[in-house]
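Notes for the one structure printed next.
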Amino acid sequence: MATAPHRILNDGGSLPALGLGTAPMDDAQTERAVTEALRTGYRLVDTGASYGNEGGVGRAVAASDVPRDEVAVMTKLRGRDHGYEETLAAFEESRRRLRLEYVDFYLIHWPLPRLDRYIESWKAMIRLRDDGLVRSIGVSNFTADQLTRLERETGVLPAVNQIEMHPGFPQDKLRALHAERDIATVCYSPLGRGNGLVNDRGVIGVARTHSVTPAQVILRWHVQLGTVPVPRSGNPQRRRDNLDVFGFALTEEEISLVGDGCHQRIGHDPEVHEEF
Ligand code: NAP
C-alpha cells in the first residue's frame with residue numbers, strides 16, 4: 001500500500017505530502033471515494049463547506065478503521081460566512097457535518113478582497129486554533145499582498161495556502177514567498193483538471209522512462225518541488241496510482257521539461273473572484 005510521507009508546518013503541525021480532492025463530487029460519491037481512499041493509504045482529504053460533501057467525508061472517516069489521529073481533514077470557510085462571529089458559527093456547522101471533535105485544517109476558501117472581511121475571519125480562525133478545535137489554520141487563493149496583510153494585522157501567518165498549481169501554471173513567485181515564510185503550498189487542480197496535461201508529449205515521454213503513468217509524473221513533479229497536490233479522481237485505480245508516486249524520482253532535467261508549460265490559469269482569479 002502506498003503512503004505519503006509528512007512535512008512539518010510553521011506551527012509545528014504536519015501535513016501528508018499528497019491528498020485526495022473531492023470537488024465537484026456529490027455527498028454519496030465522496031463517501032465512496034474517501035472510504036476506499038482511506039483503505040488504500042490516503043491520509044489527507046480536501047473538502048469545503050461550499051462543496052456540499054462534508055457529510056460524505058464525515059461518514060467515511062467515522063466508519064474507517066484508520067485511527068482518527070492518522071487522518072487529516074482539510075475544509076474551508078465559504079464566502080457568505082466571512083466575518084468574526086459568522087466564521088465561528090460556520091465552523092461549528094462544518095464540524096457537525098464532518099462529525100469531528102476537531103478539524104485538522106480550516107482554511108479561508110477565497111479572500112474576497114471587495115468584501116474585505118478576511119481579517120475578521122482570520123482572527124476567528126486564530127481563536128478556533130487556540131481553543132483546540134482546529135489543529136492548523138490556513139487560507140486558499142491568497143495572494144502575496146494578502147498573506148503579508150494577514151501577518152501585519154494579526155501577527156499570525158497561515159500554515160498553508162491552497163492555490164491553483166500544475167505544470168501549466170507553476171506559481172513560481174508565490175511559491176518563492178511561501179518558501180521564504182515557511183508556508184506549505186497545497187496545490188489544487190494539480191493535474192490541470194485533466195485538461196490535456198496528461199496527454200502532453202513531454203510528460204508521456206518521461207512516464208515511459210520511469211514505467212509510470214503521465215499523471216504520476218505530474219504528481220511526482222509536485223512532490224519534488226515540495227508542494228502538496230490534492231488530485232481528484234472518481235476512478236479507484238487512478239486514485240491508487242495517484243498516491244503511488246514515492247517510489248521513483250525525476251531528474252532535474254525532467255522536472256524542467258514537465259514544468260515547461262504555458263503559465264495559464266484554468267480556475268478563477270483570486271483578485272476578482274466572488275464566491276458566496
Ligand atoms: P485535478 O485533480 O487536477 O483533475 C481532476 C481530473 O483529472 C478529473 O477529471 C479526473 O478524472 C482526472 N484524473 C485524475 N487522476 C487521473 C489520472 N491518474 N489519469 C488521468 N486523469 C486523471 O483537478 P481538480 O478536481 O480541479 O482539483 C483537485 C481538488 O482540488 C478538487 O477536487 C478540490 O478538492 C480542490 N480544489 C480547490 C479549489 C480551491 O479554490 N481551493 C479549487 C478547485 C479545486 P477521473 O475522475 O475520470 O479520474
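The values are calculated or read from the model by the stated rules, or taken from the named source; none is laboratory data. Note that this is a predicted model, so its numbers are computed, not measured. Note that each Cβ is placed from the backbone with ideal geometry, even for glycine, and that neighbours are counted across all protein chains shown. Calculation scope for accessible area: heavy atoms of the full protein, side chains included, ligands and nucleic acids excluded. Shrake-Rupley method; radii C 1.70, N 1.55, O 1.52, S 1.80 Å.
In the list L115, L100, which residue meets the criterion of being buried (at least 17 other Cβ atoms within 10 Å of the Cβ) and in contact (Cβ under 8 Å) with a residue 12 or more places away in the chain?
Answer to the check: L100.
Of (1) near the ligand (Cβ under 10 Å from one of its atoms); (2) within 16 Å of the chain's Cα centre (by Cα); (3) among the hydrophobic types (A, V, I, L, M, F, W, C), V228 satisfies all except one. Which?
Going through the list (1) near the ligand (Cβ under 10 Å from one of its atoms); (2) within 16 Å of the chain's Cα centre (by Cα); (3) among the hydrophobic types (A, V, I, L, M, F, W, C), V228 breaks only (1).
Pull up segment 169-208, narrow it to residues that are within 16 Å of the chain's Cα centre (by Cα) and of a type in the set (V, I, T), then point me to the one that is farthest from the ligand (Cβ to nearest atom).
Here the residue is I183.
Where residues in segment 15-40 are over 17 Å from R240 (Cβ atoms) and among the acidic types (D, E), which of them is nearest to the ligand (Cβ to nearest atom)?
D26
Taking the criterion of being open to solvent by 50 Å² or more (accessible area, probe 1.4 Å), within 16 Å of the ligand (Cβ to nearest atom), among the polar types (S, T, N, Q) and out of contact with any strand residue (DSSP E or B) (no Cβ under 9 Å at 6 or more places or on another chain), would at least one residue in segment 49-72 satisfy it? Let's see the steps before the verdict.
First, pick out the residues of segment 49-72 that are open to solvent by 50 Å² or more (accessible area, probe 1.4 Å): 50-52, 59, 62-63, 65, 67-70.
Pick out the ones that are also within 16 Å of the ligand (Cβ to nearest atom) and you get 50-52.
Right, trim to among the polar types (S, T, N, Q) and you get 50.
Pick out the ones that are also out of contact with any strand residue (DSSP E or B) (no Cβ under 9 Å at 6 or more places or on another chain) and you get none.
Looking for residues that are open to solvent by 50 Å² or more (accessible area, probe 1.4 Å), within 16 Å of the ligand (Cβ to nearest atom), among the polar types (S, T, N, Q) and out of contact with any strand residue (DSSP E or B) (no Cβ under 9 Å at 6 or more places or on another chain), one finds none in segment 49-72, hence no.
Go over the candidates G267, G226, G259 one by one and state the one that is of a type in the set (G, A, S), open to solvent by less than 40 Å² (accessible area, probe 1.4 Å) and touching a strand residue (DSSP E or B) at 6+ places or on another chain (Cβ under 7 Å). If you could, list the steps in order and put the result at the bottom.
Values: G226 fails: touching a strand residue (DSSP E or B) at 6+ places or on another chain (Cβ under 7 Å); G259 fails: touching a strand residue (DSSP E or B) at 6+ places or on another chain (Cβ under 7 Å).
It is G267.
Can you find, within segment 209-220, the residue that is least open to solvent (accessible area, probe 1.4 Å) among those that are more than 8 Å from the ligand (Cβ to nearest atom) and of a type outside the set (A, V, I, L, M)?
R220
Need at least 1 residues that are farther than 30 Å from D130 by Cβ per element, so show me which helices (runs of 4 or more DSSP H) inside segment 141-230 make the cut, counting only ones lying wholly within it.
Helices (runs of 4 or more DSSP H) meeting the threshold: 172-181, 201-210, 214-225.
Step by step: first the residues of segment 73-88, then only those that are among the hydroxyl-bearing types (S, T, Y) and crowded, with 21+ Cβ neighbours inside 10 Å, then the one that is farthest from K123 (Cα to Cα). Which residue is that?
So the residue we want is T75.
Out of all the residues in segment 82-94, is one or more in contact with a His (Cβ under 6 Å, 6 or more places away or on another chain) and either modelled with pLDDT of 95 or more or over 22 Å from D145 (Cβ atoms) (or both)?
no
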